[in-house]
Amino acid sequence: MGVAGCGKTSVGQGLATALGWVFIEGDAHHSPASIAKMQAGQALTDEDRWGWLERLGQMLADQAPVVLSCSALKRAYRDRLRLACPALRFVFIDIDKALALQRVADRADRHFFSASLVDSQFTTLESPIGEPGVVTVPATLALSAQVERALDLLTPRNNQETRP
Ligand SMILES: Nc1ncnc2c1ncn2[C@@H]1O[C@H](COP(=O)(O)OP(=O)(O)OP(=O)(O)O)[C@@H](O)[C@H]1O
Ligand SMILES: O=C(O)[C@H](O)[C@@H](O)[C@H](O)[C@H](O)CO
C-alpha cells in the first residue's frame, strides 16, 4: 500500500514471486470511470473507491493467500479490506512527495495516472504506521532490499512496525 508511484506493483510482484503466491494488481480493478477520472487529473472520492474496495475485498476472501497492490490510503479503506480478510497484513511503502512526483512524472508516457494528482494522494493518505499488522519499507531502498525487508518484517519472530 501507499501513494501513487511508491512502488506497490514492483514490490508486490517481487513479494509474490518470493512467496510463490498469486499477485493481484489492484489498479486493474478500478472502474473505467475511475480510470478516466485519474487520467483527467481528478482525484478519486470515497464514493469512487468503495465499490473498488468491495471487489478487492472479495478477491482477498476468495483467493488468499495472495499479494495485492492497493493504495489503501485511509484507515477506513484498510479496515474494509481487513473485514474481508482478517489475516491481512499491509506493507506500507513509505515515500516522500518529491520522489513520488519524480517517479510518476518519469512514467507519464506509459501510465494512466496524472502527475497532477500526487499532491492529493499525500493529502488523502492517513499513515498506517502504528496500526496492527502493518510493516513499513522505505521507498528509497533497492527493490530486492525492499522485498527482503518486507519478508523479514512479516515473519512472526519480527512482529514489529519498523526497523532501524
Ligand atoms: N525500489 C525502487 N527503486 C527505484 N525505482 C523504483 C522502485 N520501485 C519502483 N520503482 C519505479 O517507480 C515507478 C513506480 O513504481 P510502481 O509502478 O511499482 O509503483 P506503484 O505504487 O504501483 O504505482 P501506481 O500505483 O501509481 O501504479 C516505476 O517506474 C518503477 O520502476
Ligand atoms: O486510491 C487511489 O487514489 C488510487 O488507487 C491511486 O492510488 C492510483 O490508482 C494508483 O496509485 C495508480 O497510480
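A few points about this structure:
- Distance between the 7 Å Cα→Cβ label points at ARG89 and GLU131: 1.6 nm.
- Cut-off under 5 Å, modelled amide H: who pairs with THR136 long-range: PHE92
- Dipole moment magnitude, nearest 20 debye, the range 34-97 about Cα centre, only Lys, Arg, Asp, Glu C-beta charged: 100 debye
- Here the residues LYS8, LYS37, LYS74, ranked from fewest to most Cβ neighbours within 10 Å of their Cβ, fall in the order LYS74, LYS37, LYS8.
- Residue by residue, the range 63-79 carries 3J(HN,Hα) couplings of 10, 4, x, 9, 10, 10, 8, 7, 4, 6, 5, 10, 4, 5, 5, 5, 5 Hz when phi is fed to the Karplus relation 6.51 cos²θ - 1.76 cosθ + 1.60 (θ = phi - 60°); x denotes Gly or Pro.
- Couplings for the range 42-51, taken from phi via the Karplus curve 6.51 cos²θ - 1.76 cosθ + 1.60 with θ = phi - 60°, read 9, 5, 5, 9, 3, 3, 5, 8, 4, x Hz in order; Gly and Pro are left as x.
- Available extension along the chain between SER31 and VAL66 is 10.5 nm, counting 0.36 nm per residue and deducting the alpha carbon span.
Quick note: the coordinates plus some simple rules give every number you see, no bench work behind them. Source: prediction; values computed, not measured. In this analysis, Cβ positions are derived from the backbone assuming ideal geometry, glycine residues included, and neighbour counts consider all displayed protein chains.
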